[in-house]
Every structure is written in structure tokens, then in C-alpha cells.
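The values are calculated or read from the model by the stated rules, or taken from the named source; none is laboratory data. A quick note: this is a predicted structure, and the numbers were derived from the prediction, not measured. Cβ placement follows ideal geometry from the backbone for every residue including glycine, while neighbour counts extend to all protein chains displayed. Only protein heavy atoms, including side chains, enter the accessible area calculation; ligands, DNA and RNA are left aside. Shrake-Rupley method; radii C 1.70, N 1.55, O 1.52, S 1.80 Å.
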Amino acid sequence: MSALQLAGLLATVLALAGIAWAMGLGGSPALDRDRAMAEAEERLAGFAAGGAFLSEDGVAALVWGERGDFALVKAHGVDLAVRRLSRIAPEPVEGGVRVHSGERMFGAATLKLLPAERDRLLAMVEARPR
Amino acid sequence: MSLPNPVALAIPAFILLVLAEMVVARLKDRRRYCPRDTLTSLSLGLGNLLAGTLAGSLLFALAVGAHQYRLIDIGWTWWAFLLCFVLDDLAYYVFHRSAHRVRWFWASHVIHHSSQHYNLSTALRQTWTGFLSLAFVFRLPLFLLGFEPAMVLFCAGLNLVYQFWIHTEAIGRLPPWFEAVMNTPSHHRVHHAVNPRYLDRNYAGVFIVWDRMFGTFEPERDDDRPRYGILRQLGSFNILWAAFHEWIGMARDLWAAPGWRNKLGYLVREPGWSHDGSRETTETIRARWRERTAASTRN
């Protein structure tokens, strides 16, 4: 493969992705509490969801398990990605909390929550069995 | 005899068909494509071409070397092409099954499954580390049998080109006679799905008959819509992470595992295997799903 061919293919790759964007393809997942809980139960072996804190913008949720464990559900393109949280230390931020997955490449998610919801989340994390 | 590279010749058609599928997605369901996912898939495809160019000469030299020890001279006849195509597809089935059942090969193949989308750009999301994982050993029997190296590589190229069009949700089911013999979008959607029923099924390249023969066939069902990707979704569009994450995970497991037997297990056992049984494999996931299904049927 010559350098010219490589450059041409690279330009084609960028053009196709650009066309997909210009056509308005994609979107965000329709995330609600039920779906966040179902997603965590389906993806994580032995996880029994008890409830969920849903970010107001619908792009992330923190699901708590009946055994005191937690799962982070976040939007990934038009789909969702889930991680069980081995350690949880939500960081209060303006308008909500930031939850780290513990994996650098998976990253963190910010949950936009009303103050009362945020306080309830922080209290639940604080009171979890260790 | 000099033969063309079918994959290189097909690239313009690949591009046009991806564009056509995007138009269909725009009209029917915009969520079938995600621009960032498309960029990742196509970039991985470009990297695969580059890796193939770098390793190509060495692979051909290895093929010619193996051909020196051939059992018979098959030569260049029309029936040799046909037989070569069929046997190469069988070799592909064995390779592909191993790529899902042996973590060393999976580390390379997982790239192709790491998108949560199933469209023609996913078809181009191909490995960068095929040579490293020694995937070429699965074709060695063909050279040793006596098929010409150029013929085998030509047939392998045709096989890859065939597999492009089956990566789509735009085509439903095809006529029963076709679905019975050939790999189709429906059969391959099952292969890319992470639903417990569909895990590690339908390994075929061109002919689905191999799966029917060897007990790995599963039909697509309307009441169990395929969900795509890998069990532990990446949650990232990073190209390098998609290309190397399983190699990195395997290296970490290897380092941390107690004893040589366990270390070997992380290389050659099925993906998800762990020395302490703390992770899930296809078998444990399917067993749990069967138990749950049986319990809900009883209630």
C-alpha cells in the first residue's frame, strides 16, 4: 500500500464518519430507571437490582443492588455500557455527583440530580455494608 | 499464476454499500449507525489493511515454505479452485471457532465483536494482531495438502469479501434454500449477539452447513432480538483500546495468576475462564439463563 493510497483511505474513513454525522445518524439511548436496573441485572452475574438513581439528562444511572453493591450504567453512543463498582466514592459536583467506574478507559459519569436525591445517594453509599 | 487481491478490488464497493446502508438507516432507523462507532470501526479496518500489508510478504513466504512439503501436486485446475474454496471455508470455520474458544486467539478476534452496532462498518472492524495470534496456522493444512499458496490466499480473500454483506440489519431472512446452505445476515446476527441463547454460535464464513454439521448452529428468533457487542462492553470509542484491550487484560491475568498451570489457563482456556472461578464463561451464562427460563416456565 502506497502512502497516497493510505492517505486516500484515511480521507475516506473520515468522510464516511462525517457523512454519518451530517445525516444525523445515531442519538442517545432511552434510559429510564427500569431499563438501567434491567441492564445491570442482565449484564452483571448475580446482580439483583434494588433501585436506581437516574441522571436528569438520561445519560447515566447508578443502580444499587439488594446486597449493597452498585453498578454504573452510562450511555455509550446510542447504547449503554455497564460496570459493577468494586469501590464507590461519589464525588459531589455542581448539580449532582460524579461517579468513577474505577477503570480509566471506561471513565466516569456525572449524574445530574436534585439536591434531595443527591443527598439520598450519598447517604446510601455511606451506609452500605463494607 | 498471478491472481488479484479480491479484498483490495472490493474496497470501492465496500464504501458505496456503507453509504447506501447509511441512507437506509436515515430513512428507517437512525440508531443503526453512530458516527463515533463508525469512525472507530473504519479506522480499525484501515489499521487491519496496514497490518496485512506489513505481514503479507512474510505470510506468503511461510505459505510457500509449507507448500514445499506438500503431499500431492494439485495444480491450477477449475475444480481445484472450487475444492480450495470449500476447504478454505472449513479451515475458516475451525479458525473462527478457536477464535471464540481460546483466549489467545480471542484477544485478536475480539476487535471485530467490540462494536455494539451491527452494520456494514462493523464488517470492516478487523484485527490488527492476526499475525501475532498465529491465525495463519489454520490454513497450513491446505498448503501441506498441495493447494497453491496464491490459490488459497485468493480463496481466503473471496471468503472475506462474501462475509462483508452479511453484516447488516437491513436484510431480514432470505429464501429457505439459501438460509439452509449459506451464511446469511440472519445467521451472522446471531453470531454477533450476546444474548445467552446466541453466545458462541454460527461460526461459519460462507457455508452455514459447517455449523449444522458440527452442532454449533442456532437460528435467529423473532422473540429474542439480537443484542450486539461483547459481554463486557468497552464503553469507549478509543481505537487503540479496542485493538489491544484483551491483550492487555490477558497480560495482567498472566502476571497475577498463581502457578504455571493457571498462567497457561489464561492463554488457552475459553474467554472468561479464571483460575478461581470468579468470572463468567459462555457455559455459565447459558446455564444460568436456562435455569431462569425453566423457573419462569414452571411458575
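What tally of residues in the stretch B:211-232 results from selecting those that are assigned to a helix (DSSP H, G or I) and open to solvent by less than 40 Å² (accessible area, probe 1.4 Å)?
The number of residues fulfilling the criteria is 1.
Residues that are open to solvent by less than 30 Å² (accessible area, probe 1.4 Å): list the helices (runs of 4 or more DSSP H) wholly contained in the stretch B:109-196 that include at least 3 such residues.
By residue number, B:120-123, B:149-164, B:185-192.
Which of the following residues is open to solvent by less than 40 Å² (accessible area, probe 1.4 Å) and outside any helix (DSSP H, G or I): A:Ala36, A:Ala17, A:Ala89, A:Ala109?
Numbers: A:Ala36 fails: outside any helix (DSSP H, G or I); A:Ala17 fails: outside any helix (DSSP H, G or I); A:Ala89 fails: open to solvent by less than 40 Å² (accessible area, probe 1.4 Å).
Going through A:Ala36, A:Ala17, A:Ala89, A:Ala109 in turn, just one is open to solvent by less than 40 Å² (accessible area, probe 1.4 Å) and outside any helix (DSSP H, G or I): A:Ala109.
Considering only residues of the stretch B:245-281 that are open to solvent by 30 Å² or more (accessible area, probe 1.4 Å) and among the polar types (S, T, N, Q), which is nearest to B:Trp128 (Cα to Cα)?
Looking at residues that are open to solvent by 30 Å² or more (accessible area, probe 1.4 Å) and among the polar types (S, T, N, Q), I get B:Asn262.
If you check A:Leu80, A:Leu62, A:Leu9, A:Leu14, which single one turns out to be out of contact with any Cys (no Cβ under 9 Å at 6 or more places or on another chain) and more than 9 Å from every other protein chain (Cβ to nearest Cβ)?
So the residue among A:Leu80, A:Leu62, A:Leu9, A:Leu14 that is out of contact with any Cys (no Cβ under 9 Å at 6 or more places or on another chain) and more than 9 Å from every other protein chain (Cβ to nearest Cβ) is A:Leu62.
Of the conditions (1) within 11 Å of chain A (Cβ to nearest Cβ); (2) under 24 Å from B:Val206 (Cβ atoms); (3) touching a residue at least 60 places away in the same chain (Cβ under 8 Å), B:Ser43 satisfies every one except a single condition; which number is it?
(2)
Only one of (1) within 23 Å of B:Gln233 (Cα to Cα); (2) within 13 Å of chain B (Cβ to nearest Cβ); (3) more than 17 Å from the chain's Cα centre (by Cα); (4) not in a loop (DSSP other than H, G, I, E, B) is not met by A:Ala45, so which one is it?
Every condition holds for A:Ala45 apart from (4).
Being in a helix (DSSP H, G or I), surrounded by 14 or more Cβ atoms within 10 Å (Cβ to Cβ) and not charged (D, E, K, R) is the requirement here; does B:Gly56 meet it?
yes
What number of residues within the stretch A:20-33 satisfy the criterion of being modelled with pLDDT of 95 or more, open to solvent by 30 Å² or more (accessible area, probe 1.4 Å) and not in a loop (DSSP other than H, G, I, E, B)?
Residues flagged as modelled with pLDDT of 95 or more, open to solvent by 30 Å² or more (accessible area, probe 1.4 Å) and not in a loop (DSSP other than H, G, I, E, B) within the stretch A:20-33 amount to 2.
Applying the selection to the stretch B:16-40, what residues are open to solvent by less than 50 Å² (accessible area, probe 1.4 Å) and either facing chain A (nearest Cβ under 7 Å) or among the hydroxyl-bearing types (Ser, Thr, Tyr) (or both)?
B:Val18, B:Met22, B:Ala25, B:Tyr33, B:Cys34, B:Pro35, B:Asp37, B:Thr38, B:Thr40
Tell me whether the stretch A:97-106 contains one or more residues that are part of a loop (DSSP other than H, G, I, E, B), under 15 Å from the mean Cα position of the chain (by Cα) and surrounded by 20 or more Cβ atoms within 10 Å (Cβ to Cβ).
Within the stretch A:97-106, one or more residues are part of a loop (DSSP other than H, G, I, E, B), under 15 Å from the mean Cα position of the chain (by Cα) and surrounded by 20 or more Cβ atoms within 10 Å (Cβ to Cβ).
Please determine, by comparing only the residues of the stretch B:282-294 that are open to solvent by less than 50 Å² (accessible area, probe 1.4 Å) and among the β-branched types (Val, Ile, Thr), which one is farthest from B:His109 (Cα to Cα).
Here the residue is B:Ile285.
Would you point out which residue out of B:Arg269, B:Arg261 is more than 14 Å from every other protein chain (Cβ to nearest Cβ), more than 30 Å from B:Ala180 (Cβ to Cβ) and touching a residue at least 60 places away in the same chain (Cβ under 8 Å)?
B:Arg269
May I ask you to list the residues in the stretch B:12-53 that are at pLDDT 95 or above and of a type in the set (Val, Ile, Thr)?
Result: B:Ile15, B:Val18, B:Val23, B:Val24, B:Thr38, B:Thr40.
This table checks each residue for (1) more than 27 Å from B:Arg232 (Cα to Cα); (2) out of contact with any Gly (no Cβ under 8 Å at 6 or more places or on another chain).
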{"site": "B:Val23", "(1), (2)": "yes, yes"}
{"site": "B:Asp29", "(1), (2)": "no, yes"}
{"site": "B:Pro35", "(1), (2)": "no, no"}
{"site": "B:Ser41", "(1), (2)": "no, yes"}
{"site": "B:Gly56", "(1), (2)": "yes, yes"}
{"site": "B:Val86", "(1), (2)": "yes, yes"}
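Tell me whether the stretch B:8-15 contains one or more residues that are over 14 Å from A:Ala20 (Cβ atoms) and at the interface with chain A (Cβ under 8 Å from one of its Cβ atoms).
Within the stretch B:8-15, one or more residues are over 14 Å from A:Ala20 (Cβ atoms) and at the interface with chain A (Cβ under 8 Å from one of its Cβ atoms).
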